[in-house]
Amino acid sequence: MKLKLITKSLHPIGTFGELTHKGETLCVTVERAWLNNAKNKSCIPAGTYTVKKHDSPKFGKCFVLDNPNVGVTPSGNSQRTHCLIHAANWPNQLEGCIAPGLTFHPSKWGVANSRDALDKLLALLPDECELEIIRL
């Protein structure tokens, strides 16, 4: 399964996107703004990632991203580790991760119903898939 995440950064507020599969929107997303790939502060670099289901001690069932070519790995010796897709609603709740939502929040920069969106993705996606992140 191949997913595509197309995002737009609204610096310094955050980065907002749409996650699709074969042109169908699965959810919307929020991340922190691009801050030169700073660990725990920046959105994730553009590129193609392997996405795997993951059990996080902090966030529970979620997804972890992996692309050693851009310095992002689940753990170990790399520029960024533990870049996750997990439930959150606002950019300031994230430390270099992606949060899904069913819709963008109507009155504040963020996403709504993040837990429901994550549960939808956990039910829909296989244990491992490919994600292409495109930054506009």
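The values are calculated or read from the model by the stated rules, or taken from the named source; none is laboratory data. Everything quoted here is computed from the prediction, not taken from an experiment. Here Cβ is always computed from backbone atoms with ideal geometry, including for glycine, and neighbour counts include all displayed protein chains. Just so you know, the surface numbers come from the protein's heavy atoms only, side chains and all, with ligands and any DNA or RNA stripped out. Shrake-Rupley method; radii C 1.70, N 1.55, O 1.52, S 1.80 Å.
Of note:
- Members of segment 123-136 that are outside any strand (DSSP E or B), in contact with a strand residue (DSSP E or B) (Cβ under 6 Å, 6 or more places away or on another chain) and over 13 Å from Phe16 (Cα atoms): Asp127
- If you go through segment 1-57 and keep only what is assigned to a loop (DSSP other than H, G, I, E, B), surrounded by fewer than 16 Cβ atoms within 10 Å (Cβ to Cβ), at pLDDT 95 or above and among the basic types (Lys, Arg), you end up with just Lys22.
- Residue list for segment 94-121, restricted to those being touching a residue at least 60 places away in the same chain (Cβ under 8 Å) and over 17 Å from Cys83 (Cβ atoms): Gly101, Leu102, Thr103, Phe104, Trp109, Gly110, Val111, Ala117, Lys120
- The residues in segment 91-104 that are on the phi < 0 side of the Ramachandran plot, open to solvent by less than 60 Å² (accessible area, probe 1.4 Å) and assigned to a loop (DSSP other than H, G, I, E, B) can be counted, and the count is 2.
- Filtered by the rule that a residue be assigned to a strand (DSSP E or B), open to solvent by 20 Å² or more (accessible area, probe 1.4 Å) and either in contact with an Asp or Glu (Cβ under 8 Å, 6 or more places away or on another chain) or over 16 Å from Asp119 (Cα atoms) (or both), segment 58-70 gives Lys61, Asp66.
- Hits in segment 105-119 - residues which are in a helix (DSSP H, G or I) and touching a Leu at 6+ places or on another chain (Cβ under 7 Å): Asp116, Ala117
Matching residues to (1) under 10 Å from the mean Cα position of the chain (by Cα); (2) touching a residue at least 24 places away in the same chain (Cβ under 8 Å); (3) closer than 22 Å to Ser107 by Cα:
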residue: Met1; (1), (2), (3): no, yes, no
residue: His21; (1), (2), (3): no, no, no
residue: Leu26; (1), (2), (3): no, yes, yes
residue: Pro45; (1), (2), (3): no, yes, no
residue: Lys61; (1), (2), (3): no, yes, no
residue: Thr73; (1), (2), (3): no, no, no
residue: Arg80; (1), (2), (3): no, yes, no
residue: Leu84; (1), (2), (3): yes, yes, no
residue: Asn89; (1), (2), (3): no, yes, yes
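- Condition met for Ala99 (under 20 Å from Gly14 (Cα atoms), of a type outside the set (D, E, K, R) and within 12 Å of the chain's Cα centre (by Cα)): yes
- Qualifying residue in segment 121-134 (condition: modelled with pLDDT under 95, within 15 Å of the chain's Cα centre (by Cα) and among the hydrophobic types (A, V, I, L, M, F, W, C)): no
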